[in-house]
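Just so it is clear, none of the values below were taken in a lab; they were calculated from the coordinates. Remember, it's a predicted structure, so these values are computed and weren't measured experimentally. As a convention, Cβ positions derive from the backbone with ideal geometry for all residues, glycine included, and neighbour counts pool all protein chains shown.
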Amino acid sequence: MIKSEKPPVDPELKRRIDELIKYKGGGYNPEAVSDIIESALKLMTDVKDSGDVKVIQTAVRELRYAFKLFAPYAHKRKVTIFGSARTQPTKVEYQQAVEFGKKIADAGFMVITGAGGGIMHAGHEGAGLENSFGANIRLPWEQGANPVIQDDKKLITFKYFFTRKLIFIRHSDAIALFPGGFGTMDEGYEALTLMQTGKSQLMPLVLIDRPGGTYWKTWDKHIREHLLRDQLISPDDLNLYQITDDTDQAVKIISRFYRNFVSTRFVKELFVIRLKHAPSASAIEAMNEDFADIIVGPKIATIEATPEERADEDMIDLPRIAFGFNRRDYGRLRQLIDVLNAL
């Protein structure tokens, strides 16, 4: 694949952009901001349609504001709850979502929902205002925010689904799906696709049924009898989600994922996994044998923080392992994380 090279910046334009950044007082990531300004100026000649320009304008504004809002809470893990806005408080699923919201907050997580009614309201009701974020969407019939979050500073209202969905995934450390309609299916499939392709961090994806319910079991049957049987996904992709009808079990699945695992990062050819506790030499030997199918190049080994991580001050004090990952089998990688958490 041919990669297009970025043309050199006009020295005079760069000088003026640098002056503008200095005039605004400087701040974080000046090189990236300079590039954004340069790209924005190119819109005047590259994009004629005003509607297209407004999409870019609104998307940048929404993302900037959302990242600013979430930044003070970056130290706390968050669980996004998806489910139907039509689920009434009398329904078992609503009561389960309230229970789950409370239990996951008690386990130390914050909760993000779409800020509407039904399951979204229930999740906020259980977690409480202090532990809740709302990512609302403007719809033709004006979906209002639920009473829990409607007057809180942690509520954002998006114009576009794509910016809203990016924020959901970007700031989630786990996803819990209750029964829902097209939107719930869309959000669940997107989360699976992003993890399957390595476009997001691996995280727990828990599908929560009502006790004895078959909503997600029927969905899982479709996945196995059509996608898997017809070889449209691999068997290991089934490791990317788990189904339960017990809110306590759902909380355990999420909490246990972070028992030892912290995060991952690619550094050149190395796939780095940051941990709370380093595995023993014998455990590493066993993992190299058991997961040889996903290793390309360097085998699994404990390492110090890489120069790139040190430059970014990226969790440099944590123990870590690294290896050459084939960048394809993320379902198997999820199994490796489960092994690391079980040590």
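Here is how the numbers come out for the structure above:
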| quantity | calculated |
| --- | --- |
| Zero-based 10 Å bins, Cα pair distances in region 1-153, whole percents | 10, 27, 23, 19, 16, 4, 0 |
| Mean shadow area of region 199-303 over all directions, Cα convex hull, nm² | 8.6 nm² |
| Fully extended contour minus Cα-Cα distance, from D317 to D106, at 0.36 nm per residue | 73.2 nm |
| Over the chain, relative contact order from alpha-carbon pairs under 8 Å, at least 6 apart, % | 13 percent |
| Quotient of Cα Rg and 2.2 N^0.38 Å for region 72-257, N being how many residues it contains | 0.97 |
| Most mobile of K199, K24, K252 in a GNM of the chain (Cα contacts under 10 Å) | K24 |
| Amide hydrogen neighbours beyond the local backbone of A301, cut-off 5 Å, H modeled | A322 |
| Of S280, S263, S84, the one that fluctuates the most in a GNM where the chain has Cα springs shorter than 10 Å | S280 |
| Residues Y241, Y28, Y65, Y215, sorted so that the one with the fewest Cβ neighbours within 10 Å comes first | Y28, Y65, Y215, Y241 |
| Descending semi-axes in Å of the chain, equivalent ellipsoid built from Cα gyration tensor | 34, 30, 20 |
| Global form of region 61-113, assessed from the alpha-carbon gyration tensor, a/c cut-off 1.5 | oblate |
| Long-range lysine pairs (8 or more apart or interchain), region 72-257, Cα under 15 Å | 9 |
| Amide H contacts of L155 (H built 1.01 Å from N, under 5 Å, at least 5 apart or other chain) | G134 |
| DSSP bridge pairs, the chain: antiparallel proportion in percent, nearest 5 | 40 percent |
| Mean Cα-pair separation over length for region 8-155, i.e. relative contact order, pairs under 8 Å, 6 or more apart, % | 16 percent |
| Region 328-335 - phi-based ³J(HN,Hα) in whole Hz, Karplus 6.51/-1.76/1.60, Gly and Pro as x | 10, 9, 6, x, 5, 4, 4, 5 |
| Whole-number percent relative contact order across region 82-205, with pairs defined as alpha carbons under 8 Å at least 6 apart | 25 percent |
| Residue exposure sequence - F82, F100, F67 - by fewest surrounding Cβ within 10 Å | F67, F82, F100 |
| FRET efficiency, 1/(1 + (r/R0)^6) with R0 30 Å, evaluated for R138 and V92 via beta carbons | 0.45 |
| Ellipticity estimate at 222 nm from DSSP helix runs (n ≥ 4, -39,500 (n - 2.57)) divided over the chain, nearest 500 | -13500 deg cm²/dmol |
| Ranked L333, L318, L139, criterion: other C-beta atoms within 10 Å, fewest first | L139, L318, L333 |
| Cα centroid of region 82-107 to Cα centroid of region 14-66, whole Å | 40 Å |
